[in-house]
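K.L.:
Following this message is one structure expressed as structure tokens.
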Amino acid sequence: MNAHDSEKVVGTLISRGYAQVETPEAAGLVLYNTCSIRDKAEQKVFHRLQQFKRDAGKGKIFGVLGCVAQQEGEKIFEKAPHVSLVAGSASYTKLPEMLVQLEQGNRRVTGLSLDTDETFETPFTRRDNPHRAYITIIEGCDKSCAYCVVPFTRGPERSRTSASVLEEGQRLADAGYTEIQLLGQNVNSYGDPSAAGWDFATLLAHVAGIPGIRRVRFTTSHPRDFIKPIVDAIDADPVLCDHVHLPVQSGSSRMLSAMDRLYTRDEYMRRIEWLKNARRKIAITTDIIVGFPGETEADFNDTLALLDEVEYDSLFSFKYSPRPNTAALTMGDQIPEEEKTRRLTIVQERQRAIQIRRNAATIGTVQEVLVEGRNQALGQWIGRTSQNRTLNFVADGVGDEQLIGRYLDVRVTRAGPNSLVGESVM
Ligand code: 5AD
Ligand code: SF4
């Protein structure tokens with residue numbers, strides 16, 4: 001989401017006559033896009049700002065964008081007086097006006113209002129990848145998960161019209177993109193604000209129908225709003241990739257309730273059943289938080305048991321990190337840091353064994369990959385399967401021919417915990 005926000009910001013700047021440079025040293029204007037989902041990400045921001053100033057400060061204009069900007073607001077001007085612009089993502093529609101103010105010499109420009117029903121749409125997006133493109137379909141979040149800062153930094157939910165999403169998708173297809181990734185904090189609660197009134201599953205089916213688009217992915221889903229028609233849509237059209245990221249956070253219903261996640265373990269497992277009963281094999285991935293306030297050994301064991309039961313294809317796991325404004329911040333029974341670290345390691349070890357097994361089960365199969373890159377040192381191409389696995393492969397018959405951006409069938413010959421190895425099928 002942040003990477004795509006940056007693409008939109010860069011595009012907006014270029015449309016106003018700015019040119020992108022490779023290093024902060026070469027820049028006259030340095031914008032730093034920031035994340036505050038966990039404390040570590042936030043600390044990096046201030047460290048990096050000081051570093052920029054030391055290394056490249058002379059005569060430059062600095063701005064802080066994103067969630068740390070939204071959260072810290074004008075305090076950033078005090079902590080880092082060389083910063084001239086502080087703006088959260090809900091204000092990016094006003095970026096052109098803010099740039100004018102900077103150009104006029106204003107050294108305290110802010111965009112901090114969350115009070116908007118607009119989404120940041122721009123035809124000028126400067127995309128980093130020539131084959132896969134992100135499209136934001138919904139911004140903000142109306143949930144209130146007890147640990148999460150996002151509703152405070154990205155504001156309330158705003159969906160784009162289905163017409164503007166399809167129009168952007170068609171423009172991307174015309175420009176040669178073949179893979180689209182739909183983005184939102186909770187794409188499942190997408191609600192078309194136009195008369196068409198499409199829900200997420202309907203939008204998904206239509207995006208998959210755009211001529212020229214071969215793959216559609218989406219992230220992120222909230223289990224509460226993940227309904228069966230989404231699985232039916234995936235089943236009906238192979239353009240919709242065989243992968244769903246469905247963050248569970250914990251395997252304990254007691255913890256899920258404390259987190260205000262709005263589903264129980266059983267309700268979550270029902271969604272897993274829909275996915276496992278689909279006609280195609282849909283890869284399932286998740287997010288796990290360990291050490292949420294009050295998490296007992298028994299709760300933690302419920303999470304481990306859930307990993308064994310679901311057998312995720314991959315997961316992201318995090319130590320609970322207290323965030324400003326959130327309900328969990330003031331909850332009793334905070335878990336000591338060493339204990340969080342211990343639990344995180346156990347989750348990661350357990351999952352590693354599961355992935356070794358699941359990846360090994362793909363040996364011998366033939367999978368279509370989108371070729372994303374080349375590992376010169378290993379003499380391998382880097383591909384990605386519909387299930388979102390990395391499949392590195394050799395392609396003997398094709399010499400040094402440029403394969404990046406092409407779709408190829410590859411036979412899996414070896415498997416590790418995090419990627420597969422194979423050879424192209426001629
Ligand atoms: N501490 C730890 N992890 C968090 N996440 C969100 N907020 C926190 C927090 N305060 C994780 C959740 C979410 C993912 C994007 O980040 O697992 O799904
Ligand atoms: Fe945060 Fe929960 Fe919203 Fe996801 S659904 S962004 S975890 S509040």
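K.L.:
Criterion first (over 22 Å from residue 312 (Cβ atoms) and either buried (at least 20 other Cβ atoms within 10 Å of the Cβ) or over 19 Å from the mean Cα position of the chain (by Cα) (or both)) does residue 187 satisfy it?
P.N.:
Working: over 22 Å from residue 312 (Cβ atoms): no; either buried (at least 20 other Cβ atoms within 10 Å of the Cβ) or over 19 Å from the mean Cα position of the chain (by Cα) (or both): yes.
Spelling it out, it is not the case that residue 187 is over 22 Å from residue 312 (Cβ atoms) and either buried (at least 20 other Cβ atoms within 10 Å of the Cβ) or over 19 Å from the mean Cα position of the chain (by Cα) (or both).
K.L.:
While we're on this one: Taking the options 209, 251, name whichever one is free of Cβ contacts under 8 Å to residues at least 40 places away in the same chain and of a type outside the set (A, V, I, L, M).
P.N.:
Working: 251 fails: free of Cβ contacts under 8 Å to residues at least 40 places away in the same chain.
Being free of Cβ contacts under 8 Å to residues at least 40 places away in the same chain and of a type outside the set (A, V, I, L, M) holds for just one of 209, 251, which is 209.
K.L.:
Still on this structure, I have one more. Determine, yes or no, whether residue 266 is surrounded by 14 or more Cβ atoms within 10 Å (Cβ to Cβ), under 19 Å from residue 145 (Cα atoms), away from ligand 2 (no atom under 16 Å from the Cβ) and acidic (Asp, Glu).
P.N.:
Working: surrounded by 14 or more Cβ atoms within 10 Å (Cβ to Cβ): no; under 19 Å from residue 145 (Cα atoms): yes; away from ligand 2 (no atom under 16 Å from the Cβ): yes; acidic (Asp, Glu): yes.
Answer is no for this residue.
K.L.:
Sort out which residues of segment 82-98 are over 8 Å from residue 110 (Cα atoms) and either part of a strand (DSSP E or B) or among the hydroxyl-bearing types (Ser, Thr, Tyr) (or both), and write them in order of number.
P.N.:
The answer is 83, 84, 89, 91, 92, 93.
K.L.:
Take the residues of segment 119-157 that are in contact with a Cys (Cβ under 9 Å, 6 or more places away or on another chain) and more than 19 Å from residue 329 (Cβ to Cβ): which is nearest to ligand 2 (Cβ to nearest atom)?
P.N.:
Filtering first and then ranking leaves 157.
Let's see how each residue does on (1) at positive phi; (2) at pLDDT 95 or above:
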| position | (1), (2) |
| --- | --- |
| 56 | no, no |
| 67 | no, yes |
| 81 | no, no |
| 105 | yes, no |
| 122 | no, no |
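K.L.:
Does residue 233 fit the bill of being in contact with a Leu (Cβ under 7 Å, 6 or more places away or on another chain) and either outside any strand (DSSP E or B) or of a type in the set (Gly, Ala, Ser) (or both)? Show your work before the answer.
P.N.:
Values: in contact with a Leu (Cβ under 7 Å, 6 or more places away or on another chain): yes; either outside any strand (DSSP E or B) or of a type in the set (Gly, Ala, Ser) (or both): yes.
Yes.
K.L.:
Across segment 1-53, what is the total count of residues that are among the charged types (D, E, K, R) and within 16 Å of ligand 2 (Cβ to nearest atom)? Quick ask: steps written out before the conclusion?
P.N.:
First, pick out the residues of segment 1-53 that are among the charged types (D, E, K, R): 5, 7-8, 16, 22, 25, 38-40, 42, 44, 48, 53.
Now drop any that are not within 16 Å of ligand 2 (Cβ to nearest atom), which leaves 5, 38-39, 42.
Adding up the residues that qualify gives 4.
K.L.:
Next question. May I ask you to list the residues in segment 325-339 that are surrounded by 12 or more Cβ atoms within 10 Å (Cβ to Cβ), within 14 Å of ligand 2 (Cβ to nearest atom) and part of a loop (DSSP other than H, G, I, E, B)?
P.N.:
If the condition is that a residue be surrounded by 12 or more Cβ atoms within 10 Å (Cβ to Cβ), within 14 Å of ligand 2 (Cβ to nearest atom) and part of a loop (DSSP other than H, G, I, E, B), then 326 is the only one that fits.
K.L.:
Please specify each residue of segment 389-419 satisfying the condition of being part of a loop (DSSP other than H, G, I, E, B) and surrounded by fewer than 18 Cβ atoms within 10 Å (Cβ to Cβ).
P.N.:
Of everything in segment 389-419, those that are part of a loop (DSSP other than H, G, I, E, B) and surrounded by fewer than 18 Cβ atoms within 10 Å (Cβ to Cβ) turn out to be 399, 400, 401, 402, 404, 405, 406, 416, 417, 418, 419.
K.L.:
Got a sec? Which of 374, 384 is under 21 Å from the mean Cα position of the chain (by Cα), closer than 20 Å to residue 131 by Cα and more than 16 Å from ligand 2 (Cβ to nearest atom)?
P.N.:
On the way: 374 fails: under 21 Å from the mean Cα position of the chain (by Cα).
Sole residue among the options that is under 21 Å from the mean Cα position of the chain (by Cα), closer than 20 Å to residue 131 by Cα and more than 16 Å from ligand 2 (Cβ to nearest atom): 384.
K.L.:
Being in contact with a Leu (Cβ under 7 Å, 6 or more places away or on another chain), outside any strand (DSSP E or B), of a type in the set (Val, Ile, Thr) and within 16 Å of residue 283 (Cα to Cα) narrows it down to one of 354, 363, so name that one.
P.N.:
Details: 363 fails: in contact with a Leu (Cβ under 7 Å, 6 or more places away or on another chain).
Exactly one residue qualifies, and that residue is 354.
K.L.:
Answer yes or no as to whether residue 167 is without any contact (Cβ under 8 Å) to a residue 40 or more places away in the chain and within 27 Å of residue 404 (Cα to Cα). Let's see the steps before the verdict.
P.N.:
Values: without any contact (Cβ under 8 Å) to a residue 40 or more places away in the chain: yes; within 27 Å of residue 404 (Cα to Cα): yes.
When the stated conditions are applied, residue 167 passes them.
K.L.:
What residue, of 349, 311, is within 21 Å of residue 415 (Cα to Cα) and either within 11 Å of ligand 1 (Cβ to nearest atom) or exposed (fewer than 14 other Cβ atoms within 10 Å of the Cβ) (or both)? Walk me through how you get there before you give the answer.
P.N.:
Details: 311 fails: either within 11 Å of ligand 1 (Cβ to nearest atom) or exposed (fewer than 14 other Cβ atoms within 10 Å of the Cβ) (or both).
Step by step, each of 349, 311 is checked, and only 349 is within 21 Å of residue 415 (Cα to Cα) and either within 11 Å of ligand 1 (Cβ to nearest atom) or exposed (fewer than 14 other Cβ atoms within 10 Å of the Cβ) (or both).
K.L.:
Here is a list: 278, 258. Which entry is closer than 29 Å to residue 352 by Cβ and in contact (Cβ under 8 Å) with a residue 60 or more places away in the chain? Full working, then the answer.
P.N.:
Values: 278 fails: in contact (Cβ under 8 Å) with a residue 60 or more places away in the chain.
That would be 258, the only listed residue that is closer than 29 Å to residue 352 by Cβ and in contact (Cβ under 8 Å) with a residue 60 or more places away in the chain.
K.L.:
Among (1) part of a helix (DSSP H, G or I); (2) more than 16 Å from ligand 1 (Cβ to nearest atom); (3) not polar (S, T, N, Q), there is one condition residue 152 misses while meeting the rest; what is its number?
P.N.:
Tallying (1) part of a helix (DSSP H, G or I); (2) more than 16 Å from ligand 1 (Cβ to nearest atom); (3) not polar (S, T, N, Q), residue 152 fails exactly one: (2).
The values are calculated or read from the model by the stated rules, or taken from the named source; none is laboratory data. In this text the structure is predicted, and so the values were computed from the model without any measurement. We place every Cβ from the backbone using ideal geometry, glycine too, and count neighbours over all the protein chains shown.
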